[in-house]
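No value in this document is a laboratory result; all are computed from the given coordinates. Since the structure is predicted, the reported quantities are computational estimates derived from the model, not experimental observations.
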Amino acid sequence: MIRRAAFLKSTLAASAAGAGFATPLLARAETALKMNLPVGPDDPMCVTARHFADLVEKKSGGAVKIQIYYSGALGSQQASISGVQTGVIDFTLQTTAWLEPIVTHVQALDLPFLFANDAAAEKVLDGDVGRDLSDELAAKGIVVVLWGTNGWREFEFVTNRVTKPADMQGLKIRIQRGPLYVSMIKALGAVPVVIDISETYLALQQKVVNGLDIPAGTVLSLKYDEVIKYVAMTRHLYNPAPIIMSKVKFDALPADQRRAIQDAGRETLPWTRDLYRTDERKSVTILKGKGITVAEVDHDAFKHAMMPVYDDLKQQIGAPFVDRVMRAAG
């Protein structure tokens, strides 16, 4: 009995002595989260995601780690959105077209020539419109961590030099999903073709489509410069691209980890906007250096041709919200 009591006493003492080691281990238990991205690691979208992930880890004291999956490794763009809603995927960073089936008001952000410049777009996204859209998305299971950008969209073509809307007559243009994009391409007399980003290179290479509209940086990151020959600098669309998170997963996290994610989002926002401004200039220069023709266009003609898109959208989601966004854009 004496030996047993001595053994228990020594065991308890050892446990107590080790408590200073065991408790920090428990405190350092990691929350592992997954982020699925549609493009490769060199794209500014992915550079933004890594910056955000690093900040989350830093601000959470290492408690939250985000593993990034590139080029749609966990699923297509639409699968990413569905996965975030259900909690199968924790984060994604997608352009707003993929959110439009969930909250139709989001389409107003993609109206062509809505924003005169970056400042006008940022004012809308950072103001009441952005907050109200975030609330609508939260009700659908999606937390908007930040209203980032994918830059300004231009048109790129395999065989056609385009400087005015008439040059696009009958051309087949790859688009991301969404009725607004269909309306926009049809307004130019072209034919919209919905293709996932993962299948677009082959579609361009085989001339299934004649062109597409994406930012210059994405042309390079996805190596479309190998198949396109012409860029039309329309800058017709400032493309919001929010980092979004599953509300199911966000709500399940401890308060300090939620706060770390929100703080990282606030700090990432101005950083990524500056990144895209720099990247567009750099990417256009690189494209020219590769022998790709970068043409200025008749902006007034393109804007006039696309005005019917506004009436189409007002019929779809209601004129009051569209008018509100237009006023906010100034």
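Would you list, by chain and number, the lysines whose Cα falls below 23 Å from the Cα of Lys59, excluding same-chain residues fewer than 8 positions away? Reachable lysines: Lys34, Lys247, Lys249.
Can you give me the Cα centroid spacing of the stretch 73-144 and the stretch 290-330 in angstrom? So the separation of the two Cα centres works out to 18 Å.
Total lysine pairs in the stretch 133-244 at Cα distances under 24 Å, for residues eight or more apart or on different chains: 12. Pairs of Cα atoms in the chain fall into 20 Å distance bins, from 0 up to the last occupied one, in shares of 30, 51, 12, 5, 1 percent.
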